[in-house]
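Taking it in order: structure first as structure tokens, then the write-up.
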Amino acid sequence: MFYHDKELQYKVRVDRPSPVFARMLQQAIGGIEGEIRVCLQYLFQAWGNRGPAKYRDMLMETGTEEIAHIEMLATAVALNLEGAPTSLKDEMAKDKMVGAIMGGMDPRHLLSSGMAAMAVDANGVPFNGSWVVGSGNTAADMYANVMAESTGRVLATRLWEMTDDPGMKDMLSFLIARDTMHQNQWLAVIEELGGMHGVHPIPNSFPQNQEVQQFSYAFVSTSVNDIGTPNGRWTQGPSIDGKGEFHVMKAEPMGGEPKLAPPVPEGHAQKEQMTLTDSIMGNIKDSMGL
């Protein structure tokens, strides 16, 4: 069950409305770095969480807070659209190119939403649910959450740089602060689960003796010469999980040439494909000098 308070989590004010900035803010709502993504990600992780209830509870609370952030940003978009031109005639009178598409404003803010926010990114592309990560593995999900909050914070800081409006800077400063907390929050869960040594490799429930262990901590270099092989922390010394030693292996083909069966009749490939046997292929290769 969810409850709603009619007051915003943090104040949202726009001193100088900007339809162009309203469009930019859409990225923080419906973009891959946006609040819809983290909101749904945390909620779906919570709804599917199995294990200690405290992780489910925390995810539920944070996912719910993200709804409040969507509300704040939607309000900011609407306020930035107040006073925006609603007539193309006015814009065309100023610029024959329609103010470079209404000066950067998204026409759909008028055409589709009546001067309000939408569940789209800055280019008007609808939010994509495939961005939502909920694997059922708490450690894996926490890393996905750190990434989501990190890219979200990068976006918020860029938006902060793009506006001179004091109200918008203040709102974004709040969202940046919450991103700081949430990054640390997810990392705290990883630490509580055992940190680098405890959670890795993920899933830590799979027995490593079932791996092809010569490759477990090998950096496979696909460079054609040794100069291209980086000499970094990941090429030598103890592995980060403390369970192996990093080393470099040159890439080499070990799997043989793949051989597929002829097409099945029901697939209706070309007749030539059905009869192209290995002997015919061999003759073709010989004639071409291959």
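Looking at MET147, is it assigned to a helix (DSSP H, G or I) and either free of Cβ contacts under 8 Å to residues at least 12 places away in the same chain or farther than 19 Å from ARG56 by Cα (or both)?
For MET147, the condition - assigned to a helix (DSSP H, G or I) and either free of Cβ contacts under 8 Å to residues at least 12 places away in the same chain or farther than 19 Å from ARG56 by Cα (or both) - is met.
Based on this model, can you work out whether TYR3 counts as in a loop (DSSP other than H, G, I, E, B), touching a Phe, Trp or Tyr at 6+ places or on another chain (Cβ under 7 Å) and hydroxyl-bearing (Ser, Thr, Tyr)?
no
Looking at SER223, SER239, SER216, SER205, can you tell me which residue is touching an Asp or Glu at 6+ places or on another chain (Cβ under 8 Å) and of a type in the set (S, T, N, Q)?
Just a single option satisfies the conditions, and that option is SER239.
Go through the range 195-217 and give me each residue that's in contact with a strand residue (DSSP E or B) (Cβ under 9 Å, 6 or more places away or on another chain) and over 30 Å from ASN184 (Cα atoms).
Selection gives GLN214, PHE215.
If a residue has to be surrounded by fewer than 15 Cβ atoms within 10 Å (Cβ to Cβ) and not in a loop (DSSP other than H, G, I, E, B) to count, how many in the range 116-144 make the cut?
Of the residues in the range 116-144, 3 are surrounded by fewer than 15 Cβ atoms within 10 Å (Cβ to Cβ) and not in a loop (DSSP other than H, G, I, E, B).
So that you can scan it fast, the table gives a plain yes or no per residue for (1) assigned by TED's automatic domain parsing to the domain that holds ALA116; (2) at pLDDT below 95:
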| site | (1), (2) |
| --- | --- |
| ARG13 | no, no |
| LEU25 | yes, no |
| ALA28 | yes, no |
| CYS39 | yes, no |
| TYR42 | yes, no |
| TRP47 | yes, no |
| THR86 | yes, yes |
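Considering only the range 176-224, state which residues are in a loop (DSSP other than H, G, I, E, B) and surrounded by 11 or more Cβ atoms within 10 Å (Cβ to Cβ).
Result: LEU193, GLY194, HIS200, PRO201, ILE202, PRO203, ASN204, GLU211, SER216, TYR217, SER223.
Just to be sure I understand, how many residues within the range 23-46 are small (Gly, Ala, Ser), closer than 16 Å to VAL125 by Cβ and in a helix (DSSP H, G or I)?
The number of residues fulfilling the criteria is 2.
Restricting to the range 225-242, what's the tally of residues that are part of a loop (DSSP other than H, G, I, E, B) and either among the hydrophobic types (A, V, I, L, M, F, W, C) or out of contact with any Pro (no Cβ under 8 Å at 6 or more places or on another chain) (or both)?
Matching residues across the range 225-242 total 12.
For the range 122-166, what are the residues that are touching a Ser or Thr at 6+ places or on another chain (Cβ under 8 Å) and hydrophobic (A, V, I, L, M, F, W, C)?
Result: ALA144, TRP160.
Give all pairs with beta carbons closer than 7 Å in which a residue from the range 48-65 that is farther than 15 Å from GLY136 by Cα meets a residue that is surrounded by fewer than 15 Cβ atoms within 10 Å (Cβ to Cβ); count only pairs at least 6 apart in sequence or on separate chains.
Qualifying pairs under 7 Å: THR64/PHE2.
The values are calculated or read from the model by the stated rules, or taken from the named source; none is laboratory data. Small disclaimer: the values here were computed from a predicted structure and weren't measured. Cβ coordinates were reconstructed from backbone atoms using ideal geometry, including for glycine residues, and neighbour counts include every protein chain displayed.
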